[in-house]
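Report on one structure; see the data block that follows.
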């Protein structure tokens with residue numbers, strides 16, 4: 001008995017609920033919008049009731065506005081989720097520009113449509129009513145009505161809920177889209193190539209491939225825009241339009257993500273070509289870092305946009321991103337510090353790739369500057385991995401940025417070298433130094449410096465003007481080789497630690513006498529040949545670099 005009474009009670013509630021739904025209710029935004037749409041459905045078609053939701057109009061004019069407003073929503077695929085529409089009689093929309101009891105149905109996709117409270121009733125606002133005709137003409141241009149009137153009766157037969165002429169319209173639209181895409185992507189590629197030559201006068205195969213790939217999604221985006229303009233004219237119905245417009249919106253976001261990724265790749269390719277023309281090697285290392293960073297931003301923003309399309313509110317997405325970002329930052333403070341240190345290194349540029357630096361106890365050549373740390377190779381080829389936060393805070397002695405590199409050495413020649421030959425040798429050394437393109441001409445010293453235990457000492461104090469340790473080694477090599485050649489043509493021998501045993505007074509023993517060059521003119525010619533060889537060698541090496 002109790003069960004029967006419960007069923008009767010629920011049945012009465014259902015009937016009461018249905019009766020309330022069939023009545024005109026303008027007490028809050030939810031009931032007003034429901035009243036408008038409910039009385040324009042097939043099973044409950046009463047346009048005079050739907051017209052009561054229109055502010056300031058009555059009769060046929062109000063009915064016309066109500067019908068057009070529903071067609072606008074259907075044509076744009078704007079399906080209302082009544083679970084999210086407020087049923088508060090004193091609701092105030094915080095997203096609206098208007099103060100008071102106001103609610104926008106679709107703040108992002110169509111902010112022109114809104115309901116507002118007038119007295120104790122919620123009605124479509126006066127601003128919305130004023131824009132209905134313009135919105136209708138924009139969504140359904142004149143050819144829509146002409147197309148409807150020119151379709152024969154058999155063309156309106158339905159198959160799976162869609163009329164035959166609508167199938168033909170979709171097929172024609174797809175064929176038009178294929179032809180449009182095929183032609184327009186080539187036109188876009190031609191325009192992008194012209195823009196490329198305005199920015200850079202050089203042609204690159206990588207840039208050309210990137211531009212060709214960039215033209216495709218841009219053409220597809222324009223095609224999607226055209227589809228969105230034409231689809232409402234086919235009057236496919238709310239559910240189909242909702243699906244199509246959601247698909248278009250998702251495709252549009254995906255294509256924009258693809259376009260921005262290609263733009264990032266294109267900009268980085270142009271920047272990479274620029275860095276190859278500069279002497280600074282740190283810029284080359286910046287290219288992959290910037291590429292990864294900008295790619296991450298594009299993908300992150302694209303995912304946020306996709307989440308809003310599938311129904312997640314933008315405020316929830318932003319709040320989640322903020323909270324997640326804060327949690328991530330707190331959990332990875334060291335990583336964030338290193339990332340900031342990386343940017344400080346690239347902004348201040350305390351060193352370049354290939355520079356020899358001294359950072360605290362670490363000495364070596366900078367090989368790579370990454371997101372988190374920098375790699376430095378020591379003289380014994382071992383690798384030091386230093387966090388960028390540390391590297392940006394400690395004192396860094398960049399030996400690689402020296403204006404010139406001092407080189408000091410002593411040449412020891414035999415004690416029995418004649419004084420006049422020593423003078424010629426010293427002058428020849430000075431000529432070699434003056435002829436060397438990588439030695440500073442106003443900062444060098446060459447002189448007979450003193451007497452050693454087993455050699456006469458000639459000092460060389462010079463400064464190489466080179467950019468790297470490898471270039472310094474090559475410059476030393478060329479200078480040393482010229483010095484050896486000079487000593488050879490003069491007959492000068494370099495001394496080494498030795499002890500001289502005097503045997504001149506032994507019977508039948510003769511003194512050992514060195515054979516030195518004595519032809520002055522020949523010596524001058526030979527020195528000039530060595531200088532010429534040195535200059536040609538350095539020029540050839542510079543050209544190869």
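The values are calculated or read from the model by the stated rules, or taken from the named source; none is laboratory data. Every value quoted in this text rests on a predicted model; they were computed, and no experiment measured them. Heads up, the Cβs are rebuilt from the backbone with ideal geometry, glycines too, and the neighbour counts pull from every protein chain shown.
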Yes or no: the range 198-206 includes at least one residue that is in a helix (DSSP H, G or I) and without any contact (Cβ under 8 Å) to a residue 24 or more places away in the chain.
yes
Filter the range 28-68 for residues that are touching a residue at least 60 places away in the same chain (Cβ under 8 Å) and touching a strand residue (DSSP E or B) at 6+ places or on another chain (Cβ under 7 Å); the one that is nearest to residue 245 (Cα to Cα) is 33
Mind listing whichever residues of the range 93-105 are at pLDDT 75 or above and surrounded by 15 or more Cβ atoms within 10 Å (Cβ to Cβ)?
93, 101, 102, 103, 104, 105
Residues being modelled with pLDDT of 75 or more and outside any loop (DSSP other than H, G, I, E, B): count how many of those fall in the range 462-514.
25
Go through the range 401-452 and report how many residues are closer than 24 Å to residue 521 by Cα and assigned to a loop (DSSP other than H, G, I, E, B).
5
Sort out for me the strands (runs of 3 or more DSSP E) sitting completely within the range 345-394 that have 2 or more residues that are under 24 Å from the mean Cα position of the chain (by Cα).
362-369, 373-377
Every residue in the range 398-438 that is under 13 Å from residue 480 (Cα atoms), in contact with a strand residue (DSSP E or B) (Cβ under 8 Å, 6 or more places away or on another chain) and buried (at least 16 other Cβ atoms within 10 Å of the Cβ), please.
407, 411, 429, 433
Return yes when residue 376 is surrounded by 16 or more Cβ atoms within 10 Å (Cβ to Cβ), more than 30 Å from residue 442 (Cα to Cα), without any contact (Cβ under 8 Å) to a residue 40 or more places away in the chain and not assigned by TED's automatic domain parsing to the domain that holds residue 292 and no when it is not.
yes
Note on the range 145-161: residues closer than 15 Å to residue 237 by Cβ and either modelled with pLDDT of 75 or more or part of a helix (DSSP H, G or I) (or both) are 148, 156
Evaluation of residue 387 against (1) touching a helix residue (DSSP H, G or I) at 6+ places or on another chain (Cβ under 8 Å); (2) crowded, with 18+ Cβ neighbours inside 10 Å (one fails), failing number:
(2)
Quick check on the range 530-541. Is at least one of its residues assigned to a helix (DSSP H, G or I), over 24 Å from residue 420 (Cα atoms), out of contact with any helix residue (DSSP H, G or I) (no Cβ under 8 Å at 6 or more places or on another chain) and modelled with pLDDT under 75?
no
Strands (runs of 3 or more DSSP E) (entirely within the range 52-138) containing at least 1 residues that are under 44 Å from the mean Cα position of the chain (by Cα)
102-106, 110-118
Check residue 381 against each of (1) modelled with pLDDT of 75 or more; (2) closer than 30 Å to residue 257 by Cα; (3) exposed (fewer than 13 other Cβ atoms within 10 Å of the Cβ) and name the one condition it does not meet.
(2)
